[in-house]
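*Asks:* My questions all concern the structure below.
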Amino acid sequence: MKRAIVLAVVIVVAAGATAAALAKPSATGSASAAQAVSCKSTLTIPFVTPLTGGAGFIGTEQATWAKYAVKTLPSHYGLKIKLVFGDTPVEQGPAPALALAQKYIADKSVVAILGPSTSGNAGASTKVYTQAGLVQLSPSATHTELTIGTPAVPYIGTPGFFRNVPGDYIQGPTDARFMINKLHVKKVVIIDFQEPYSVGLADIVESTLKKAGVSVTRLSAPNTTTDYSAYVTKVPNDADVVFFPTQKPPDIQTFGQQLLEQGKKAKLFGGDGSNDPAHFTIAGSYVSNFAPDITSIPADAAIVAGWQKDNPGKVVGSFGPPSYGAVQILLEAIKKACIQGHGSIQQRHDVIRNMKKVRIPNFILGGTFRFSTKTNDPLNAKFYIFQIQSNGKYKLVG
Amino acid sequence: MDTFIQLTVDGLTLGSVYALIALGYTLVYGVLKLLNFAHGDVFMVGTFIGFGMLQLLGGTSNPLVPVWLLLVLVTFAAMAGCAVLGVVIERFAYRPLRDAPRIAPLISALGVSFFLANSMQLLFGAEPRNYNTFALSGGALYLKGVDIGSVRVPLLRIITISSAFALMVVLWFLVNRTRTGKAMRATSFDREAAAMMGIDIDRVIVFTFILGSALAGAAGVMFALRVPTNVAVGFIAGLKGFTAAVIGGIGSIPGAMAGGLILGFAEAYTQGYISTKWSDLFVFSILIGFMIFRPQGLLGRADIRKV
């Protein structure tokens, strides 16, 4: 009996210790975060983004701009930066992002995270990063609840999560208002892709359209869907628009071709995740994006020319420039933390504390960049609407 | 009624591709009793070979040969490439393990699957490849076709469905009306007895891999003519093909054809009439239902063992 009691106590203590260890995944990170890092040493910024899989086009475009930023900007700040990449294919869910988080937290030279690029991964890993004091700055995660709560869904972000692009709470109403005011829609079909970004954006557009008296049919496709014929069959012949927010542009292209195949006249409308002139080319369709065409901003001419020299033959897209801007914002915050720490970053959290002090005039996306005082979103940022022309070019229309 | 016709055409298109993939699983299982989990990735490689051939022939915007010849050459290139790949896989991943416990080749198959997917990614990147068949003849393959009521069945679907059925007929003929087919059936029935009767088992197995992989190549092109491909498409396609093979009765050739069509129709009708959201759940519930109530599948034979 005595042995049984001792054994039970040992098991309970062991289970408690294990639970405590699991409940504090950042323990190692916190310990390492407590050690000061010299600003003269090479500091690491990991970029957590999908480089492979269906959304691989996002990460590969972002990577070219982030590399160019790290090549050209750190010397202006007196910093040495090493950029590393963490691949998070969207098909694998949040598991790769969480594994990468543990790896980066344990690495003392990591002082900030660029990304995660996708909303699902940003939401899944932000608590772990923030507990370890690491700032995350996403150049493309737009899911509303990452920075603010809504009556329907509570806030899922953390004080350590920032983004330099506006959220879907701006994108959704922008898209819906464009449909109502410019396209004069009466009937809209909305298809979500059963993942956080897509469902969140679809919900906002649906609610805005319904409030304006527009008839909405809601469909939902698993994000492994390849053939949309049956979905297209469900699109009424008199539907004006099909809104399909996906992070895989080839899917919206397929949907568009199948709409034409079945003789449906509805216009396609995609969110920022579909903004890819290489893969979404159905003439007459619309896409929204958080970045304007930066080639039309005179102040960006030198940056664009430098990037094109490093990336011959590549076209300036919409996902890349915010990544350049994100690197610049992080460098500003790191520099401020270094000055406060007299040449070293005393704690990783010091970078978080300096994020809202960042001001960048002539920002790559236009104007002066600063964060809102109320949220960790950029101040006065907005979404833009493009229409795909018959030559495949995206024309700014709203 | 129009919706029903449209969904039937959708199901038939999907189902014929699933059936071709399922045939590859069932052929190999029938002869080797091996679940070739690399088959989905052979299908994926087929989509890439087809894409490469398409580019060699000028692409869809400016093809160097007539459209019909372009489609034939692309399909044959994918079939031939996949057949060679199938032979290589059999020679290096499965033959050395032929007499090992059954778990060993199964693990080897999974390894080959990952090897193919990752190698293709390293070689060609993660970017999706779009055959862009819409550009062929000004979209004629999509916009022209046969009208059933007010539903238009586009040319591309007619080509997909008829080619798949033609390949199934050829396969049936090969297996049931040729000496090699007879040898395959004998090997499937009892490998040792077949060897004792003078059948070259190695040759039969290689031929089986050639057939199964060539069908995967053809399925890959039929799939990618309508939908963009990438290095990850093999997983889901393989899963659906495997499900079709199990539903039809793995090891049974008519079963694989039936299983593929059932799966295609189930997917299309579920999405059309029940819910787009739950279609995968419904489709895989059919698989679970078969596993519980008829594990040998529709046309498979129950595995009776003497003890």
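*Asks:* Right, residue B:220: within 14 Å of another protein chain (Cβ to nearest Cβ), within 20 Å of the chain's Cα centre (by Cα) and of a type outside the set (D, E, K, R) or not?
*Replies:* So residue B:220 fits the description; yes.
*Asks:* Looking at (1) within 12 Å of chain B (Cβ to nearest Cβ); (2) free of Cβ contacts under 8 Å to residues at least 12 places away in the same chain; (3) of a type in the set (Gly, Ala, Ser), which is the only condition residue A:278 fails?
*Replies:* So residue A:278 meets the others, but not (2).
*Asks:* Output the helices (runs of 4 or more DSSP H) that fall wholly within region A:298-398 and possess 1 or more residues being within 19 Å of residue A:249 (Cβ to Cβ) and touching a helix residue (DSSP H, G or I) at 6+ places or on another chain (Cβ under 8 Å), or say none.
*Replies:* Result: A:320-340.
*Asks:* Of all residues in region A:222-250 being at the interface with chain B (Cβ under 10 Å from one of its Cβ atoms) and over 22 Å from residue B:270 (Cα atoms), which is surrounded by the fewest Cβ atoms within 10 Å (Cβ to Cβ)?
*Replies:* Top of the filtered list is A:250.
*Asks:* Report every pair of residues separated by at least 6 positions or lying on different chains whose Cβ atoms are under 9 Å apart, first residue within region A:257-270 and at the interface with chain B (Cβ under 10 Å from one of its Cβ atoms) and on the phi > 0 side of the Ramachandran plot, second basic (Lys, Arg) and outside any loop (DSSP other than H, G, I, E, B).
*Replies:* These pairs meet every condition: A:263/B:152.
*Asks:* For the structure I just gave you, tell me whether residue B:24 is within 14 Å of chain A (Cβ to nearest Cβ), closer than 24 Å to residue B:235 by Cβ and buried (at least 24 other Cβ atoms within 10 Å of the Cβ).
*Replies:* Answer is no for this residue.
*Asks:* Among the listed residues B:210, B:201, identify the single one that is more than 14 Å from chain A (Cβ to nearest Cβ), surrounded by fewer than 24 Cβ atoms within 10 Å (Cβ to Cβ) and under 28 Å from residue B:52 (Cβ atoms).
*Replies:* B:210
*Asks:* Could you go through region A:125-132 and let me know if any residue there is closer than 30 Å to residue A:66 by Cβ, in contact with a Pro (Cβ under 7 Å, 6 or more places away or on another chain), among the hydrophobic types (A, V, I, L, M, F, W, C) and not assigned by TED's automatic domain parsing to the domain that holds residue A:261.
*Replies:* yes
*Asks:* Tell me, please, whether a residue that is more than 22 Å from the chain's Cα centre (by Cα) and of a type in the set (S, T, N, Q) can be found in region A:296-304.
*Replies:* Scanning region A:296-304, I find at least one residue that is more than 22 Å from the chain's Cα centre (by Cα) and of a type in the set (S, T, N, Q), so the answer is yes.
*Asks:* Let me ask something else about it. From (1) in contact (Cβ under 8 Å) with a residue 12 or more places away in the chain; (2) within 9 Å of another protein chain (Cβ to nearest Cβ); (3) out of contact with any His (no Cβ under 7 Å at 6 or more places or on another chain), pick out the condition that doesn't hold for residue A:215.
*Replies:* The one condition residue A:215 does not meet is (2).
*Asks:* Still on this structure: Just one of the numbered conditions (1) within 24 Å of residue A:278 (Cβ to Cβ); (2) without any contact (Cβ under 8 Å) to a residue 60 or more places away in the chain is not true of residue A:75; which one?
*Replies:* Tallying (1) within 24 Å of residue A:278 (Cβ to Cβ); (2) without any contact (Cβ under 8 Å) to a residue 60 or more places away in the chain, residue A:75 fails exactly one: (1).
*Asks:* Let me ask something additional. Restrict the check to region B:32-49 and report whether at least one residue is more than 14 Å from chain A (Cβ to nearest Cβ) and surrounded by fewer than 17 Cβ atoms within 10 Å (Cβ to Cβ).
*Replies:* yes
*Asks:* Tally the residues that are in a helix (DSSP H, G or I), farther than 16 Å from residue B:74 by Cβ and more than 9 Å from chain A (Cβ to nearest Cβ), restricting the search to region B:125-161.
*Replies:* 4
*Asks:* Hey, residue A:25 hits all of (1) out of contact with any Phe, Trp or Tyr (no Cβ under 7 Å at 6 or more places or on another chain); (2) at pLDDT 95 or above; (3) closer than 23 Å to residue A:127 by Cβ; (4) not in a helix (DSSP H, G or I) but one; which does it fall short on?
*Replies:* Failing condition for residue A:25: (2).
*Asks:* Let me ask something else. Condition first: outside the structural domain of residue A:195 (by TED's automatic domain parsing) and touching a strand residue (DSSP E or B) at 6+ places or on another chain (Cβ under 8 Å). Can you find one or more residues in region A:147-157 that meet it?
*Replies:* Yes, region A:147-157 has at least one match.
Conditions tested, residue by residue: (1) of a type in the set (Phe, Trp, Tyr); (2) more than 22 Å from residue B:130 (Cβ to Cβ).
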position	(1), (2)
A:197	yes, yes
A:202	no, yes
A:210	no, yes
A:216	no, yes
A:222	no, no
A:229	no, no
A:232	no, no
A:239	no, yes
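*Asks:* For residue A:197, all conditions in the list (1) within 11 Å of chain B (Cβ to nearest Cβ); (2) farther than 28 Å from residue B:7 by Cβ; (3) buried (at least 24 other Cβ atoms within 10 Å of the Cβ) hold save one; what is the number of the exception?
*Replies:* Just one mismatch for residue A:197, condition (1).
*Asks:* Is one or more of the residues making up region A:74-88 among the polar types (S, T, N, Q) and at pLDDT 95 or above?
*Replies:* No, that holds for no residue.
*Asks:* Working carefully through the options A:347, A:328, A:340, find the one that is within 24 Å of residue A:117 (Cβ to Cβ), in the same structural domain as residue A:65 (by TED's automatic domain parsing) and polar (S, T, N, Q).
*Replies:* Just a single option satisfies the conditions, and that option is A:328.
*Asks:* Kindly indicate the residue of region B:260-270 that is more than 14 Å from residue B:164 (Cα to Cα) and touching a residue at least 60 places away in the same chain (Cβ under 8 Å) and also farthest from the other protein chains (Cβ to nearest Cβ) among those meeting that condition.
*Replies:* Looking at residues that are more than 14 Å from residue B:164 (Cα to Cα) and touching a residue at least 60 places away in the same chain (Cβ under 8 Å), I get B:262.
*Asks:* Please go through (1) under 27 Å from residue A:280 (Cα atoms); (2) within 14 Å of chain A (Cβ to nearest Cβ) for residue B:243 and return the number of the only condition it doesn't satisfy.
*Replies:* Tallying (1) under 27 Å from residue A:280 (Cα atoms); (2) within 14 Å of chain A (Cβ to nearest Cβ), residue B:243 fails exactly one: (1).
*Asks:* Determine which member of the set A:109, A:125, A:119 is touching a residue at least 60 places away in the same chain (Cβ under 8 Å) and surrounded by fewer than 24 Cβ atoms within 10 Å (Cβ to Cβ).
*Replies:* Checking each option against the conditions leaves just A:109.
The values are calculated or read from the model by the stated rules, or taken from the named source; none is laboratory data. Values in this document were obtained by computation on a predicted structure and should not be read as measured data. Quick reminder, even Gly has a Cβ in these numbers, built from the backbone with ideal geometry, and neighbours come from all protein chains shown.
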